[in-house]
Every structure is written in C-alpha cells, then in structure tokens.
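The values are calculated or read from the model by the stated rules, or taken from the named source; none is laboratory data. None of the values given here were measured: they were computed from a predicted structure. Note that each Cβ is placed from the backbone with ideal geometry, even for glycine, and that neighbours are counted across all protein chains shown. We work out accessible area using only protein heavy atoms, side chains counted, and drop any ligands, DNA or RNA first. Shrake-Rupley method; radii C 1.70, N 1.55, O 1.52, S 1.80 Å.
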Amino acid sequence: VENPPADPVLNELVIKMRVRQEEMTACDLIAGVLYTQSSMPWSFYYDLARHIWDEARHAMFGQAALEEDGYEWMTRPQYTSDYDINAEKIPAAKYAWLSIGIEEGAMISLGKKKEYEWCRDEAKHPLMTQFQDYDWADEIVHANLGRKWAPDLMGEPLGFVREIAQKELDHFWAEVRKAEQQA
C-alpha cells in the first residue's frame, strides 16, 4: 500500500487483503502445470482446474475487500515474485512448492487458522473474516491435492516430494530476501 495506515492493526489488515488479491500468481503457476501435462488421468485435470478456480477466487476476495474499504488496488504494482521465482522450474517442482511447501505448510503451522482468528478477533473485519475462512477451507483441499498429485508428477514418494518442496521453499524465501535487500 502506497500510504500504509498508521494504525498497525489496519495496516496488517490491508496487507492481508493485498496478499489475497495477489493470488493470481498461484493461478498462473498451476495453469502452467496443467498445460504441460499431457498424459495424466482425467481427475488430475479436474482437480487442478478446481485449484486454479479457488486461487482466482482468493484474488477476488482481496480485490473485493480492498474496494469495500476504499483502496484503489489497481493503482499499485502487482506482486509477481511467486510466479517469477518459480516459472522456469519443472512442473513437479512448481506444484510441490505451492501445494506442499506453501499450502500444506500453512496447515501445519496453523497459519491459515491464525489469519482467520486475527481477522475475526483483532481486526474485527467481518468481510475479511469470511474470506479468510473460505481461504482456510480451500487450502486444506489444496494441500490434499498436493499430497495426491505432486508424487505422481515427480514420480517419487510423498516424503521425497516434501523434501523437494522444502528446498524450493528455502530457495523462494532466499530470493525474496535478496530482492528486499536490493529494494
């Protein structure tokens, strides 16, 4: 946000809205995985299409919340690092990073639960509370899709996929930190 709110709770709320609004990068990554796979079972295409739709809906959540609170989100540059850092990777690594590294990780750390409770209890923002509740429910589905499909994409057992996802996650955060230092 160009002029972040002085109130720390409101500032954090706007950041959460922006994070949701920028989930189109997840759509782009999943679409790339879906597009490049030509011999998967029909249920793979069905499941990943669902995953793409959910991520698009999350972006709309953020957009709707920002607009409802009077923020002009289209005047700000869009964050694309999720896509930029992962775009050239093989499809299995992309999907492992997103579905296992990010989304399963958000379930393990209770990140999504904490986001929901924070919007409900700290920010007391009914719209974002509802959106975070939907987001949390979707991420459970996405983590399950990752456990279902990432091993097939990689041709390896889930334990190995989790190791790769962690390496991809470590690489991602190192790249984000490097970009922050250059800014």
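A few comments on the model shown:
- At full extension, Met40 and Ile15 could sit 5.3 nm farther apart than now, given 0.36 nm per residue minus the alpha carbon distance.
- Separation of segment 65-101 and segment 1-42, taken as the distance between their Cα centroids, equals 4 angstrom.
- Trp53/Gln78 FRET efficiency (R0 25 Å; Cβ-Cβ; nearest 0.05): 0.80
- Over 20 Å apart at the Cα level, from the set Lys16/Lys112; Lys114/Lys167; Lys16/Lys167; Lys16/Lys114; Lys112/Lys178, are Lys114/Lys167; Lys16/Lys167; Lys112/Lys178.
- Percentage relative contact order, segment 1-159, counting C-alpha pairs under 8 Å, at least six apart: 26
- Rounded, prolate or oblate (a/c below 1.5 giving rounded, otherwise prolate when a/b exceeds b/c) for segment 95-183 by Cα gyration tensor: oblate
- The length gained on full extension between Glu156 and Lys113, counted as 0.36 nm times the residue separation minus their Cα-Cα distance, comes to 12.5 nm.
- Stokes-Einstein D for the chain, Kirkwood Rh over Cα pairs, 25 °C, 0.890 mPa s (µm²/s): 144
- Ligands, DNA and RNA left out, the accessible area of the chain computed with a 1.4 Å probe is 56% carbon and sulfur.
- Those residues of segment 92-127 whose amide nitrogen sits under 13 Å from the label point placed on Glu68, 7 Å along Cα→Cβ: 119-120, 124-127
- A helix-only calculation puts the chain at -24000 deg cm²/dmol for mean residue ellipticity at 222 nm, using -39500 (n - 2.57) for each DSSP H run of at least four residues, averaged over all residues.
- Viscosity 1.306 mPa s, 10 °C: Kirkwood-radius Stokes-Einstein D of segment 42-94 over Cα pairs, µm²/s: 118
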